[in-house]
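Report on the structure given below.
The values are calculated or read from the model by the stated rules, or taken from the named source; none is laboratory data. Predicted model, so just to flag it, every value in this text is computed and none were measured. Quick reminder, even Gly has a Cβ in these numbers, built from the backbone with ideal geometry, and neighbours come from all protein chains shown.
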Amino acid sequence: MTYSIIGFGEIGQALARAFARSGMDVSVATTRDPQSFASEAAAIGTGVRPVTLAEAVKADVVFLAVRFEQHPDVAKALPDWEGKIIVDVTNAYGQPVEKLGGQPSAKVVEKAFSGSRVVKGFNHLVAAVFDQDPAVHGGRRVVFLSSDDDGATAEIGALADKLGFAPVNLGALSEGGLLVQAQGKTWGRLIFKDLVKFD
């Protein structure tokens, strides 16, 4: 299984550090030349590899860590995303509900990434919190996952576990998933909730 992160802002870098902490390789990309952020990637770890967008989209699992309004540009990088898992880390705060056709933002992302299996996740914490070691007082920091594809949720749940987090499945995108998606200028009820799970 190969992994990539598209978007290398605060959240993208926090994700990359989670991979590095766990000793897992991950490719990172933006729309810029990889050399322009190679030093930042190298500072995180040797397994964090800066690549072009065209290379990043070849991964089996792609973390979409760009601004919500940029997702259509990333989607154009491949004509067909069949079988790939897209982990939607975007937040559509401030996007008019009408502009999204009244749908949860993750459903809009799912439509743009034709053929993909979308999992909403890793998006509910601010970067400064998400960037911390997920091991907290003998427990593990929670990441919420939501998808209409149970198999994809299970795969990303297993990955979250490897990264040291405690995955919590919220169910379908238009049900539990709404708890971690903004609606207009209203945040979902679980956004910014920093929870720790004790096994």
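Among residues belonging to the range 96-132 that are more than 17 Å from the chain's Cα centre (by Cα) and not small (G, A, S), point out the one that is modelled with the lowest pLDDT.
Ranking the qualifying residues of the range 96-132, first place goes to V97.
Restricting to the range 14-31, name every residue that is touching a helix residue (DSSP H, G or I) at 6+ places or on another chain (Cβ under 9 Å) and among the charged types (D, E, K, R).
If the condition is that a residue be touching a helix residue (DSSP H, G or I) at 6+ places or on another chain (Cβ under 9 Å) and among the charged types (D, E, K, R), then R17, D25 are the ones that fit.
For the range 174-184, state whether one or more residues are closer than 21 Å to I11 by Cα, modelled with pLDDT under 95 and polar (S, T, N, Q).
yes
Looking at the range 182-199 only, could you name the residues that are closer than 14 Å to V143 by Cβ and among the β-branched types (V, I, T)?
Passing the criteria: I191, V196.
Just checking, which of D25, D60, D80 is of a type outside the set (A, V, I, L, M), at pLDDT below 95 and surrounded by fewer than 16 Cβ atoms within 10 Å (Cβ to Cβ)?
Residue meeting the stated conditions: D80.
Can you go through A166, A160 and tell me which one is surrounded by 16 or more Cβ atoms within 10 Å (Cβ to Cβ) and within 27 Å of D80 (Cα to Cα)? Full working, then the answer.
Working: A166 fails: within 27 Å of D80 (Cα to Cα).
Criteria check complete, one pass: A160.
Does the range 5-19 include one or more residues that are loosely packed, with under 15 Cβ neighbours inside 10 Å and within 20 Å of L78 (Cα to Cα)? Working first, answer last.
Taking the range 5-19 first, the residues loosely packed, with under 15 Cβ neighbours inside 10 Å are 9-10.
Filter once more, so that each one left must be within 20 Å of L78 (Cα to Cα): none.
No.
Could you check G151 against (1) of a type outside the set (A, V, I, L, M, F, W, C); (2) out of contact with any strand residue (DSSP E or B) (no Cβ under 6 Å at 6 or more places or on another chain); (3) surrounded by 16 or more Cβ atoms within 10 Å (Cβ to Cβ); (4) assigned to a helix (DSSP H, G or I) and say which number it fails?
(3)
Being of a type in the set (G, A, S) and assigned to a strand (DSSP E or B) is the filter; apply it to the range 135-148 and report the residue that is farthest from V26 (Cα to Cα).
G139
Can you pull out every residue in the range 27-65 that is part of a loop (DSSP other than H, G, I, E, B) and under 21 Å from E82 (Cα atoms)? Outline the logic, then answer.
The first filter runs over the range 27-65 and keeps only residues part of a loop (DSSP other than H, G, I, E, B), leaving 30-33, 45-47, 51-52, 57-60, 65.
Residues satisfying the conditions are T52, V57, K58, A59, D60, A65.
If a residue has to be under 18 Å from A135 (Cβ atoms), among the small types (G, A, S) and outside any helix (DSSP H, G or I) to count, how many in the range 1-26 make the cut?
The number of residues fulfilling the criteria is 2.
Would you check which residues across the range 91-108 are part of a helix (DSSP H, G or I) and in contact (Cβ under 8 Å) with a residue 40 or more places away in the chain and list them?
If the condition is that a residue be part of a helix (DSSP H, G or I) and in contact (Cβ under 8 Å) with a residue 40 or more places away in the chain, then S105, A106, K107 are the ones that fit.
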